[in-house]
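The values are calculated or read from the model by the stated rules, or taken from the named source; none is laboratory data. Being a predicted model, the structure only gives us computed values, none of them experimental. Don't worry about glycine lacking a Cβ; one is built from the backbone with ideal geometry, like all the others, and counts go over all protein chains shown. Accessible surface is based on the protein model in full, side chains and every heavy atom, while ligands, DNA and RNA are left aside. Shrake-Rupley method; radii C 1.70, N 1.55, O 1.52, S 1.80 Å.
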Amino acid sequence: TRPFDLASIRRDFPILERRLDADTALVYLDSGATSQRPRQVIDAEVAFLTHDNAAVKRGAHRMAEAATDAFEHARTTVSRFIGAPRTDEVVFTRGATEALNLVARSLGDGDDSTPDHLRVSPGDEILVTEMEHHANLVPWQELARRTGATLRWIPLADDYTLDLTDLSSLLTERTKVLALTHQSNVLGTVNPVRKLAEAARAVGALTVLDAAQSAPHMPFDVAELGVDFAALSGHKMLGPTGVGVLWGRYEHLAAMPPYLLGGSMIETVTMEYSTYTAPPARFEAGTPPVSQAVGLGAACDYLSALGMEQVAAHEHALTTRALEGLAGIDGVRVLGRSASPERSGAVAFVVDGVHTHDVGQVLDSLGIQVRVGHHCAWPLHRRYGITGSTRASFSVHTTEDEVDAFVDGVARTIDYFQGLSR
Ligand code: PMP
C-alpha cells in the first residue's frame, strides 16, 4: 500500500493536466459514467500491446503463451480484488451490461438437464428494485417475457432507500432470482446486500449483484456479501472500456447453459452437436478483450495499493462536503440521503425551474463535467416525479477544491437563470 497522497495520485492521471480551453481547467466529476485511467493502467496496456500481443489460448508459440499468461494473470488479480474464492469463477465480459445479460439469458435457456434453481420457468418470479440501472432491469424484463415468469420489484421509499416493509410478500418461495444494485448510480444509496442475499438464500433464490458502481469505491468482497453472481465494469474502476467481469459461484457457472457460442468455449464439435468446456472459458466464446483485461488487472492493483478503505473514506468526505454545500443553496433538491456510511459519491440533484441540460451546460462553461439526463434509471426518476437530474460523481483523484467549484457553479447557475427571469 501507499499513502493516500492526493497530489501524487493526481499526477498519476495524465488527463487531469488537460485544459478545456485557454481559460478553463478540467474539473472531471463524471467518474460514475466513466472513470479516468491512471498511467499505471495505460502503461500496462501499452506494454502488453508492445511486447506480448497475440491471440490467447490458441497455438503453442511463445507469443500466444505470453499473451495467455498476461490474460490469466489479470484474472487472478481481479479474483483477489473481489474476494473470489476461486480464480476460475471470474469470467471476462465486455462490460457490466454483458455480464448481467449473460446471467439473465442463461437462466432462461436451460432444459431438463439444468438444475431447477438455475432455470427460470413459467410461474417463477424475478425480483428487482425500482432503483436499477436499465442494464439490470431490461434483461430481467426480457427473461420474464421469454419464460413466462413474473417480474416484481422492491419499491423505492421517500427517503431514497429501498422500501423493505413488504419484503416478505415480495421475496417468497416463488422467487427464483433477486437482482439488485449494490450502489445506486443516481442516489448513491448503498443497499443492505448481505441481508437481502441472506433472505434470498432462505427462500432458495439466487442473488445477482450489479456492482458496477460499488466495487470502484468501497471494500468489495463477493464471499462476504453472500451473493451468487456479481457484475463489474472495467471502465468505471479506472480500467479500460470494453471489459467487465462476471463473477459467479463455480457450481452455478459449471451447470449453466452457455451464453455466446463459438470458438474457445467448446470441448468437442461434430457436424451434429457440440459439448462445452468448463468455466470460465465456457462463457468466453470468441477472442476476449485481452489488452483491456490486462489494463483492468492493473486498475485493481492500483486501487489495492491505495487501499479501498482509504478510497471510501476520501470519497465519503467529498460527498459530505458536496451535500453540505448544495444544502446551502435555495432551489436545489438533492436526490438521495444526507451523508451516511450507506450513502456514497453520486450526488444527483434538480434545480427548481431550470432544465437539467441547462444546468449541465452552465457547469460545462466553467469546466465542470457532470452528467445530465435520466442516467439509464428512468423508473427511478419517474418515482420521484422528475424526468432527469444532474449528477456529480467522484473518484480517487477528486479534490475538495473541485467539489467547492462544483457547488459554487451550481449557485452561479441559479443566479444566472434567476437573472434571466427577472
Ligand atoms: N450498472 C450500473 C449501476 C451502471 O452505472 C452502469 C454504467 N452506467 C452499468 C451497469 C453498465 O456498465 P457497462 O458500461 O460496463 O456496461
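Out of the residues in the range 150-159 that are in contact with a strand residue (DSSP E or B) (Cβ under 7 Å, 6 or more places away or on another chain) and open to solvent by less than 30 Å² (accessible area, probe 1.4 Å), state the one that is nearest to GLU198 (Cα to Cα).
Restricting attention to the range 150-159, the residues satisfying the condition of being in contact with a strand residue (DSSP E or B) (Cβ under 7 Å, 6 or more places away or on another chain) are 150-154, 156.
Still in the list and also open to solvent by less than 30 Å² (accessible area, probe 1.4 Å): 154, 156.
Numbers: ILE154: 16, LEU156: 20 Å.
Among residues in the range 150-159 that are in contact with a strand residue (DSSP E or B) (Cβ under 7 Å, 6 or more places away or on another chain) and open to solvent by less than 30 Å² (accessible area, probe 1.4 Å), the one nearest to GLU198 (Cα to Cα) is ILE154.
Hey, among GLU251, GLU309, GLU267, which residue is touching a residue at least 12 places away in the same chain (Cβ under 8 Å), charged (D, E, K, R) and not in a loop (DSSP other than H, G, I, E, B)?
Working: GLU251 fails: touching a residue at least 12 places away in the same chain (Cβ under 8 Å); GLU267 fails: touching a residue at least 12 places away in the same chain (Cβ under 8 Å).
That would be GLU309, the only listed residue that is touching a residue at least 12 places away in the same chain (Cβ under 8 Å), charged (D, E, K, R) and not in a loop (DSSP other than H, G, I, E, B).
Any residue at all in the range 48-61 that's without any contact (Cβ under 8 Å) to a residue 12 or more places away in the chain and of a type in the set (Ser, Thr, Tyr)?
Among the residues of the range 48-61, at least one is without any contact (Cβ under 8 Å) to a residue 12 or more places away in the chain and of a type in the set (Ser, Thr, Tyr), which makes the answer yes.
In the range 327-345, which residue that is part of a strand (DSSP E or B) and touching a Leu at 6+ places or on another chain (Cβ under 7 Å) is least open to solvent (accessible area, probe 1.4 Å)? Step through it out loud before you land on a result.
The initial filter retains those residues of the range 327-345 that are part of a strand (DSSP E or B), namely 332-335, 343.
After this cut, where a residue has to be touching a Leu at 6+ places or on another chain (Cβ under 7 Å) as well, the list is 332, 334-335.
Numbers: VAL332: 28, VAL334: 32, LEU335: 0 Å².
My answer is LEU335.
Output the number of the condition that THR275 fails; it satisfies all remaining conditions of (1) touching a residue at least 12 places away in the same chain (Cβ under 8 Å); (2) over 20 Å from ALA411 (Cα atoms); (3) of a type outside the set (A, V, I, L, M).
Failed condition: (1).
Would you pick out the residues in the range 120-134 that are open to solvent by 50 Å² or more (accessible area, probe 1.4 Å) and either modelled with pLDDT under 95 or farther than 18 Å from GLY148 by Cα (or both)?
HIS133
Return the residues of the range 105-119 that are open to solvent by 10 Å² or more (accessible area, probe 1.4 Å) and more than 16 Å from the ligand (Cβ to nearest atom); say none if nothing qualifies.
Correct list: GLY108, ASP109, GLY110, ASP111, ASP112, SER113, THR114, PRO115, ASP116, HIS117, ARG119.
Do you know which of the residues in the range 90-104 that are open to solvent by 10 Å² or more (accessible area, probe 1.4 Å) and in a helix (DSSP H, G or I) is nearest to ALA299 (Cα to Cα)?
Checking each candidate, the answer is ALA96.
Specify the residue that is farthest from the ligand (Cβ to nearest atom); the eligible residues are those in the range 160-184 that are closer than 21 Å to ALA346 by Cβ and open to solvent by less than 20 Å² (accessible area, probe 1.4 Å).
Per the stated criteria, the residue is LEU162.
Before we move on, is GLY248 open to solvent by less than 10 Å² (accessible area, probe 1.4 Å) and within 16 Å of the ligand (Cβ to nearest atom)?
Values: open to solvent by less than 10 Å² (accessible area, probe 1.4 Å): yes; within 16 Å of the ligand (Cβ to nearest atom): no.
When the stated conditions are applied, GLY248 does not pass them.
Quick one: how many residues across the range 356-382 are crowded, with 18+ Cβ neighbours inside 10 Å and of a type in the set (Lys, Arg)?
Number of matching residues: 1.
Can you tell me which residue among VAL46, VAL78 is buried (at least 23 other Cβ atoms within 10 Å of the Cβ), of a type outside the set (Gly, Ala, Ser) and part of a helix (DSSP H, G or I)?
Working: VAL46 fails: buried (at least 23 other Cβ atoms within 10 Å of the Cβ).
That would be VAL78, the only listed residue that is buried (at least 23 other Cβ atoms within 10 Å of the Cβ), of a type outside the set (Gly, Ala, Ser) and part of a helix (DSSP H, G or I).
All but one of (1) touching a residue at least 40 places away in the same chain (Cβ under 8 Å); (2) part of a loop (DSSP other than H, G, I, E, B); (3) open to solvent by 50 Å² or more (accessible area, probe 1.4 Å) hold for GLY385; which doesn't?
Of (1) touching a residue at least 40 places away in the same chain (Cβ under 8 Å); (2) part of a loop (DSSP other than H, G, I, E, B); (3) open to solvent by 50 Å² or more (accessible area, probe 1.4 Å), only one is false for GLY385: (1).
Going by the structure shown, is HIS73 touching a strand residue (DSSP E or B) at 6+ places or on another chain (Cβ under 7 Å) and open to solvent by 30 Å² or more (accessible area, probe 1.4 Å)? Walk me through it before giving the result.
Values: touching a strand residue (DSSP E or B) at 6+ places or on another chain (Cβ under 7 Å): no; open to solvent by 30 Å² or more (accessible area, probe 1.4 Å): yes.
No.
Considering only residues that are farther than 18 Å from ALA55 by Cβ and touching a strand residue (DSSP E or B) at 6+ places or on another chain (Cβ under 9 Å), look in the range 261-278 and name the one that is surrounded by the most Cβ atoms within 10 Å (Cβ to Cβ). Steps first, answer last, please.
Here is the first cut: in the range 261-278, the residues farther than 18 Å from ALA55 by Cβ are 261, 267-276, 278.
From the residues that got through so far, the ones that are touching a strand residue (DSSP E or B) at 6+ places or on another chain (Cβ under 9 Å) too are 261, 267-269, 274-276, 278.
Details: LEU261: 12, GLU267: 11, THR268: 9, VAL269: 11, SER274: 14, THR275: 9, TYR276: 17, ALA278: 12.
Selected residue: TYR276.
Within 9 Å of the chain's Cα centre (by Cα), more than 10 Å from the ligand (Cβ to nearest atom) and either more than 21 Å from PRO341 (Cα to Cα) or open to solvent by less than 10 Å² (accessible area, probe 1.4 Å) (or both): does that describe ALA211? Write out each step before concluding.
On the way: within 9 Å of the chain's Cα centre (by Cα): yes; more than 10 Å from the ligand (Cβ to nearest atom): no; either more than 21 Å from PRO341 (Cα to Cα) or open to solvent by less than 10 Å² (accessible area, probe 1.4 Å) (or both): yes.
Against the criterion (within 9 Å of the chain's Cα centre (by Cα), more than 10 Å from the ligand (Cβ to nearest atom) and either more than 21 Å from PRO341 (Cα to Cα) or open to solvent by less than 10 Å² (accessible area, probe 1.4 Å) (or both)), ALA211 does not qualify.
Give the residues of the range 36-46 that are touching a residue at least 12 places away in the same chain (Cβ under 8 Å) and not acidic (Asp, Glu), sorted by residue number. Steps first, answer last, please.
Start the filter on the range 36-46 by keeping residues that are touching a residue at least 12 places away in the same chain (Cβ under 8 Å), which leaves 36-45.
Of everything in the range 36-46, those that are touching a residue at least 12 places away in the same chain (Cβ under 8 Å) and not acidic (Asp, Glu) turn out to be GLN36, ARG37, PRO38, ARG39, GLN40, VAL41, ILE42, ALA44.
Among the numbered criteria (1) of a type in the set (Val, Ile, Thr); (2) within 28 Å of PRO216 (Cβ to Cβ); (3) surrounded by 20 or more Cβ atoms within 10 Å (Cβ to Cβ), which single criterion is violated by THR147?
(2) is the only condition that THR147 fails.
Tell me which residues, restricted to the range 120-135, are outside any helix (DSSP H, G or I) and either within 16 Å of the ligand (Cβ to nearest atom) or in contact with a Lys or Arg (Cβ under 6 Å, 6 or more places away or on another chain) (or both). Before the answer, list the steps.
Start the filter on the range 120-135 by keeping residues that are outside any helix (DSSP H, G or I), which leaves 120-133.
Answer for the range 120-135, where residues must be outside any helix (DSSP H, G or I) and either within 16 Å of the ligand (Cβ to nearest atom) or in contact with a Lys or Arg (Cβ under 6 Å, 6 or more places away or on another chain) (or both): VAL120, ASP124, GLU125, LEU127, VAL128, THR129, GLU130, MET131, GLU132, HIS133.
Quickly run through the range 1-28 and pick out the residues that are of a type outside the set (A, V, I, L, M), surrounded by fewer than 13 Cβ atoms within 10 Å (Cβ to Cβ) and part of a helix (DSSP H, G or I). Spell out the reasoning first.
Our first condition is that a residue be of a type outside the set (A, V, I, L, M); within the range 1-28, this holds for 1-5, 8, 10-14, 17-19, 21, 23-24, 28.
Now drop any that are not surrounded by fewer than 13 Cβ atoms within 10 Å (Cβ to Cβ), which leaves 1-3, 5, 8, 14, 17-19, 21, 23.
Residues satisfying the conditions are SER8, PRO14, GLU17.
Being assigned to a loop (DSSP other than H, G, I, E, B) and within 16 Å of the ligand (Cβ to nearest atom) is the requirement here; does PRO288 meet it? Talk me through it step by step, then tell me what you get.
Numbers: assigned to a loop (DSSP other than H, G, I, E, B): yes; within 16 Å of the ligand (Cβ to nearest atom): yes.
Yes: the conditions hold for PRO288.
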